[in-house]
Amino acid sequence: MNIPDIDLPRIVVIGSGFAGLRFCKKIDSSKYQVVLLDKNNYHTFQPLLYQVASSGLEPDSIVYPIRKIFKGKKNFYFRMAETQNIDTDLQEVQTSIGNLHFDHLIIATGATSNFFGMANIEKYAMPMKSLTEALDLRSLIIQNFEEALNTNDLKERERLMNFVIVGAGATGVEVAGALAELKTQVLPQDYPDLDIRRMQIHILEAGPKVLGNMSAHASRKSAEYLKNRGINIWLNTMVKDFDGKTVVCNNQNFETNTLVWAAGISGQSPKGLNVEKSRASRLITDDTNQVKGLDHVFAIGDIAQMNTDENPNGHAMLASVAEQQGSFLAKNLNRVAIGKEMKPFVYNDKGTMATIGRNKAVVDLSFIKFGGFIGWLTWMFVHLMLLVDFRSRLVVFINWVWSYIFYDKGTRIIMRKVNRPKVEG
Ligand SMILES: Cc1cc2nc3c(=O)[nH]c(=O)nc-3n(C[C@H](O)[C@H](O)[C@H](O)COP(=O)(O)OP(=O)(O)OC[C@H]3O[C@@H](n4cnc5c(N)ncnc54)[C@H](O)[C@@H]3O)c2cc1C
């Protein structure tokens, strides 16, 4: 790979998500040469992907070019490259554009959808982990309504207007809330010759409650908000199969053209690491984020599983954990550069939240749990502040104000027809 050899140790960072970006911002590049690799040339703000999928925001409001973020940072190089393999003996990453030696390697490759080995679900369901997947979902939602207009087959029309979301975690709940807003505020105007009241939104959850990772208050309130929005919640319902038309569950079946998969994620690390992984394929690390069994190799963010007494299955896969670990590891390596010892990472839990569309959200902080309109304002403020720059914040804010005042969403376009495996029959 075309990176100059200089008289400084080289840190290679794989992944420009929340963890990798934060690491690169905080690392002292007068002490290290820093090379950031990502298969895309942009950073994705995943928490708002569902708004792209539901036509609320344009893609460029939630992605940001990596080169712009690090403009002017010295001894820093970005290369758009997919890391395919890591050779820990040679201390080398092997990528789509060549190989590169590292002195320290930071793996920040995040997570991917976990279909739990169900090949049909992987083939036909719509995951939402990346910008392209969110755009595909957006196209499919609108395509469904365009097709529903053209069929006289009532069963087929209902299938096109049925939406099934698997997983009642934050992502599933947020997608359902956004679809309910489309149903009440936008689609009746766009499709006056369709009876939009027949559109059904179902959330299927294998566990016994909505937002199972949040407090009992958040769980109860979110279920109430969802029901008030006309969303059907099916608890203790485990999806077993989907052929593109029928969702087969342990207790009943659902007819739909659109199965949104928000049910599980697992770590995605490049090949070549001969180390123990967790059940969710995350790399096990010690309390400095060093991958157990590998010198000079660290993992941060979703890909890292740091087991602690409080979190025996590692920290939650959250942007706040990823950012804190990225920042902390950079500070630790800055300490190493001046001959100091590393310190152990301690997660500062600032709370969790989820929104269920207009005026409704639930917020769990360590000292208070609340929801409703205040929760929704809090959710909006926090997400705006987390966006990478002022321009993105302004664009997102204007979009939100516009749709709040005019009950409208701006981006109901099929950018490209979604490529799904064709369903026979
Ligand atoms: C729909 C959705 C909603 C969410 N909502 C919230 C929320 O409200 N609040 C919250 O705290 N968290 C939320 N999360 C979780 C949060 O987004 C993740 O915890 C966070 O993105 C993890 O950051 P990361 O840096 O570990 O990984 P990521 O942000 O996933 O970044 C990984 C990066 O690695 C790159 N990459 C991967 N493999 C390779 C490779 N082989 N070669 C090169 N590059 C590679 C990817 O392109 C990507 O840029 C949400 C996630 C999703 C999907």
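No lab work stands behind these numbers, since they all come straight from the coordinates. Note that the coordinates shown come from a computational prediction; the quantities given were computed from them, not determined experimentally. We place every Cβ from the backbone using ideal geometry, glycine too, and count neighbours over all the protein chains shown.
Couple of notes before you dig in:
- Amide hydrogen proximity for ILE165: with H placed 1.01 Å from N in the peptide plane, the residues at 5 or more positions away or on another chain lying under 5 Å are HIS202, ILE203, LEU204, VAL260.
- Rounded to whole numbers, the Karplus 3J(HN,Hα) couplings from phi for the stretch 274-281 are 8, 9, 5, 10, 7, 4, 8, 6 Hz, using 6.51 cos²θ - 1.76 cosθ + 1.60 with θ = phi - 60°, and x at Gly and Pro.
- Anisotropy class of the stretch 203-333 from Cα gyration tensor, a/c 1.5 cut: prolate
- Exposure proxy ranking for TRP402, TRP379, TRP234, TRP261, based on other Cβ atoms within 10 angstrom of each Cβ and starting from the fewest, stands as TRP402, TRP234, TRP379, TRP261.
- Counting every other Cβ atom within 10 Å of each residue's Cβ, TYR404, TYR32, TYR77 order from fewest to most as TYR404, TYR77, TYR32.
- Of all segments of the chain bounded by GluC sites (Glu not before Pro) found in a DSSP loop with no more than 12 other C-beta atoms within 10 Å, the longest spans 1-275.
- Charge tally in the Cβ shell below 9 Å around SER366, where Lys, Arg are +1 and Asp, Glu are -1, SER366 excluded: -1
- Note, ³J(HN,Hα) from phi for the stretch 95-100, Karplus 6.51, -1.76, 1.60, rounded to Hz, x at Gly and Pro: 10, 5, 10, x, 9, 8
- Gain on full extension, evaluated as 0.36 nm per residue between ASN311 and ASN334 minus their Cα-Cα distance, stands at 5.6 nm.
- Per-residue 3J(HN,Hα) values for the stretch 202-211, derived from phi via the Karplus relation 6.51 cos²θ - 1.76 cosθ + 1.60 with θ = phi - 60°, read 10, 10, 9, 9, 5, x, x, 8, 6, 6 Hz in sequence order (x marks Gly and Pro).
- Computed on the Cα atoms alone, the convex hull of the stretch 95-154 gives a volume of 148 cubic angstrom per residue.
- Amide H contacts of GLY272 (H built 1.01 Å from N, under 5 Å, at least 5 apart or other chain): ILE86
- Shape category assigned to the stretch 46-131 from the gyration tensor of Cα positions, a/c cut at 1.5: oblate
- Proximal lysines to LYS350, defined as alpha-carbon separation beneath 25 angstrom and excluding residues fewer than eight positions away on the same chain: LYS25, LYS26, LYS129, LYS209, LYS221, LYS331, LYS360, LYS369
- Dividing the helix sum by the residues of the chain, where each DSSP H run of 4 or more adds -39500 (n - 2.57), gives a mean residue ellipticity at 222 nm of -9500 deg cm²/dmol.
- Three-way shape call for the chain based on the alpha-carbon gyration tensor, with the a/c threshold at 1.5: prolate
- Flagged links, alpha-carbon separation over 24 Å, of LYS292/LYS340; LYS39/LYS292; LYS39/LYS71; LYS68/LYS343: LYS39/LYS292; LYS68/LYS343
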